[in-house]
Amino acid sequence: MNSESQSQRQESDRLEKKNWFTAIFARPEIGPLGVMILLFGLLGYFSIPEGEFSLNPFAGEGFNALGIRNNFRVIAQLGIVALGAGLLIIAGEFDLSVGSMIGFAGGCMAMILKWGFAIVIPYISFQGGFHFEGLKIFEITDVSPLTAILITLCMTLSFGWFQGWVIVKSGIASFIVTLGGLFFLRGLTEVCYRAFNRAPDQTAGSTTVTDLPDIKNIINVPGHGEMERDAAKALPNEDLLEILSNVPSQTVAKLTEQLTYINEKVALNKTAIQAKKMVETLEKSLAGAKESGNESMVEILTKKIEAGVEVPAVTAKAVTDLDIAKAYIDTIYTARPVANFFGGDILEPVFDWLYFTADWNVNMFGNQFAKGMYSCLMIWLIIALACYFVLSRTQAGNWIYSTGGNLNAAKANGVPTNKVKISLFMFTAFCATMFAACQVFEVNTADTAKGNLKELEAIAAAVIGGVVLTGGFGSILGIILGTIIFGIAKEAFFYIPGIDGSFYRVFLGAVLVSAALTNENIRKRIMGSI
Amino acid sequence: MSDSKKPLIEINNLVKKFGSFVALNGVSLDVYPGEVHALLGDNGAGKSTLIKVLAGVHPKTSGTISIEGKEVDFSTPRQATDVGIGTVYQDLALNALTSVSRNFFLGREIKKGPGPFGVMKMKEMNEITIAEMAKIGINISNPEQPVGTMSGGQRQTLAIARAIYFGAKILILDEPTSALGQKQQMEVLKTIKRVQRLGHIAIILITHNEIHARLIADRYTFLSLGEVIGKGMAEELGGDDIKKLMAGGAEIGDLRDELGA
Ligand SMILES: Nc1ncnc2c1ncn2[C@@H]1O[C@H](COP(=O)(O)OP(=O)(O)O)[C@@H](O)[C@H]1O
Ligand SMILES: [Mg+2]
């Protein structure tokens, strides 16, 4: 009997030690990472123009400067709401009202910015016949962007709190309660738009707010006060020159240098375009000559093409003082930093460097292609970082995992599971409001259809990223990967030749279900069995 | 065990009614430190009800509970844990999807910083988890491994170690062996034995398994239909007594007749 060696063996020894390779491939993020790289590859290589060959995935439209700017805007916007949805699912609940909340929050913000904010107590009046009157107890007009966002947050967070409260107190499935929220908020938003847009003759109003000023581009022009950037650039010439005369000479020198660089670049590209056109004309004639069998003509044209065409170089436009003044106005920092924080651009110095120094961020006319990334990218990353920190490092994170993983266990150990859930319902409302703020301040319009279907896209992104719908399992890194996959698939499929663009939905559907299957598998493996 | 020892917890004439249904009808019970007190009885006898009253899940209807001579009364589980009653339920209150140390400290995380956004001190938590589990006999190699990868016996030990670390003087175990295989049942009994040897903890062990009870119990109380139908020290009771009392007082012979009829 070798009971000695038997008893030496510990229960813990039965857990196989993994080496780093299997450890990496056991990570739930590995699948989404693979799909993401595949999509990046598709987008990069298929967007390279036909006939051109390049191993550089940045050579095509998909990942040129403008492509990056636009693609990451789609991703970032979805990403903001996917983080909220993901955390909530990890805690074991759903929020289907996110999309409607985006529309509601955008509407609130736009309407408050346009017409101000008031608290009105309605009452019934009999003077001059039975009708309703309103008693204004509080009113502010000319609301600043920050105030508009804060007022909107008060409303959306209250609504999120209310939904969460109903769910934890009643025990009704969050699916139903937030489905109610979906209809309620979308309807309420539409009603408000119509009511506030109602024309004086009582005809129904439209469901948009369109003519907001470009708030993020309001600047303080020396000698003229606050005005929109475009208005400043359209000032009479003498005013522009006056403004320029007060600019330090160092700045003027730098601007002149940049403008000269741009003009030269534009001239070079113009020359290249003309040369290309000339070659095309010659090739066309050559083809014609070949068709008609004109031997001598073919010979002449072939020689000409082989010799290469010479077109006279286009001379660069001279830099005028007015150009410098306008360029200076472009550099003035916004007078509305909050609006700019949400709706403006970021990383402009990097994109300037890419144009002026790296010679990459250049469009076909020689101008700078993209001026920066959309601000929503930064907001997404800030929220993602905060979420990552909270979920993986803090007590709250442990509470979120346990609330979704085993509700009764969490309760028995004194975790305030109701508070956890309600806070996360408020957090999804917060994310929806941030999404709306980015949109409103970026495009300066709002309409009632904004955010449509975003609740489902957010859930899909989270699931693709490894979050399990029954709760307790998922990571922020996974949610980010899932978001990128969801956001980039449409673009990537658009460029694949000979394939209907709508195939991206077929693809996403398949990815979603296989992701869910994989997640469930991993979860079961971890749960083990007694 | 000598009589000079004072009981850690004294339960006197405890009554618990659910509406007009009398689940516990005047139950009295003393548990001493360093002893395993087996609470035995048929299904529906009121064992779970008794421990739920002790754990603060249900309020008692009448009677007294005293801990170290002081009468206590609680209406929430929190109050019960605060006076030193640690209950390990059958489902163990563990989250299988997170790590051992995250479970060990669930709800009472060691952290630095404001409120729930304080950063958990994972290193410290891991070290304590390893040390506390080792005290009652299980060496875990990796405190970051998910609880789901542990065996049932290890999970039981985790739940017990956690209750003790967070100040349980009276440890209540609700059928700790019932869901386990042979080998793991032994692991758990060993663990309970180690806790017993610590000397300062009173253990109430609820079980269906007479053999398990006989292996580790120092004292017995038998419940039937909400009343105590027998009690005694391990030395005093014979195997037949135990069998008889567990079946609710019926003689084995009677049962044989009943089945035969
Ligand atoms: N919350 C409750 N409400 C009403 N009756 C209950 C409740 N909990 C237990 N009972 C009843 O009390 C009796 C004792 O149950 P229980 O303590 O669970 O028995 P045991 O754990 O010994 O099998 C049973 O008849 C059960 O139906
Ligand atoms: Mg029971």
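Rule-based calculations on the coordinates, nothing more; no lab input. Worth saying up front: this structure is predicted, and the values here are computed from it rather than measured. All Cβ positions, even for glycine, are placed from backbone atoms using ideal geometry, and neighbour counts span all protein chains on display.
Annotations for the structure displayed:
- Chain A: relative contact order in percent, alpha carbon pairs under 8 Å with at least 6 residues between: 30
- Simple Cβ-charge dipole of the range A:216-374, Lys/Arg +1 and Asp/Glu -1, about Cα centre, in debye nearest 20: 240
- For A:81, B:188, B:22, order by how many other beta-carbon atoms lie within 10 Å, fewest first: B:22, B:188, A:81
- From the C-alpha gyration tensor of the range A:333-380, square roots of 5λ in Å: 23, 11, 9
- Theoretical gain in end-to-end length, residue A:392 to residue A:230 [0.36 nm per residue, Cα-Cα removed]: 53.7 nm
- Whole-Å distance, taken between Cα centres, linking the range B:1-55 and the range A:357-375: 79
- Computed FRET value (nearest 0.05) for residue A:50 with residue A:175, which takes r as the C-beta separation and R₀ as 60 Å: 0.80
- Taking only the C-alpha atoms of the range A:216-374, the Rg (one decimal) and the largest Cα-Cα distance, Dmax (whole number), read 22.7, 72 Å.
- Chain B - share of DSSP beta bridges that are antiparallel (%, nearest 5): 55
- Over 31 Å [Cα-Cα, chain B], rounded percent: 28
- Relative contact order for the range A:216-374: 35 percent, from Cα pairs under 8 Å spaced at least 6 residues apart, divided by residue count.
- Normalised contact order of chain B, rounded percent, pairs of Cα under 8 Å and 6 or more residues apart: 26
- Flagged links, alpha-carbon separation over 29 Å, of B:169/B:231; A:216/A:326; A:265/A:490; B:121/B:190; B:135/B:183; B:70/B:121: A:265/A:490; B:121/B:190; B:70/B:121
- Sum of side-chain charges, residue A:424 neighbourhood, beta-carbon under 15 Å (Lys, Arg +1; Asp, Glu -1): -1
- Those trypsin sites (Lys or Arg not before Pro) in the range A:166-206 that DSSP places in a loop and that have at most 15 other beta carbons within 10 Å: A:198
- Fewest neighbouring Cβ atoms within 10 Å first, the residues A:95, A:321 line up as A:321, A:95.
- Most positive-pole-ward Cα, A:249, A:364, A:294, against dipole of the range A:216-374 from beta carbon charges: A:294
- Between the range A:407-482 and the range B:70-144, the alpha-carbon center distance in angstrom: 29
- Projected-area mean, the range B:22-144, by convex hull of Cα positions, square nanometres: 10.3
- Cα gyration tensor shape for the range A:401-465, rounded if a/c is under 1.5, else prolate or oblate: prolate
- Evaluated at q = 0.05, 0.06 Å⁻¹: base-10 log I(q)/I(0), Debye formula over Cα of the protein assembly as shown: -0.44, -0.59
- Antiparallel %, DSSP beta bridges [both residues in the protein assembly as shown], to 5: 70
- Antiparallel %, DSSP beta bridges [both residues in the range B:51-205], to 5: 45
- Ascending count of other beta-carbon atoms within 10 Å, so fewest first, for B:49, A:445, A:417: A:445, B:49, A:417
- Shielding of peptide A:401-410 by partners, expressed as the average count of other chain Cβ atoms within 10 Å per residue Cβ, is 6.
- Projecting the Cα positions of A:439, A:103, A:476 onto the charge dipole of the protein assembly as shown (unit charges on Cβ atoms of Lys, Arg, Asp and Glu, taken about the Cα centre) puts A:476 furthest along the positive direction.
- Virtual spin-label span in nm between residue A:382 and residue A:242, 7 Å along Cα→Cβ: 3.7
- Inter-probe distance in nm under a simple model that places probes 7 Å from Cα toward Cβ, at residue A:280 and residue A:517: 4.8
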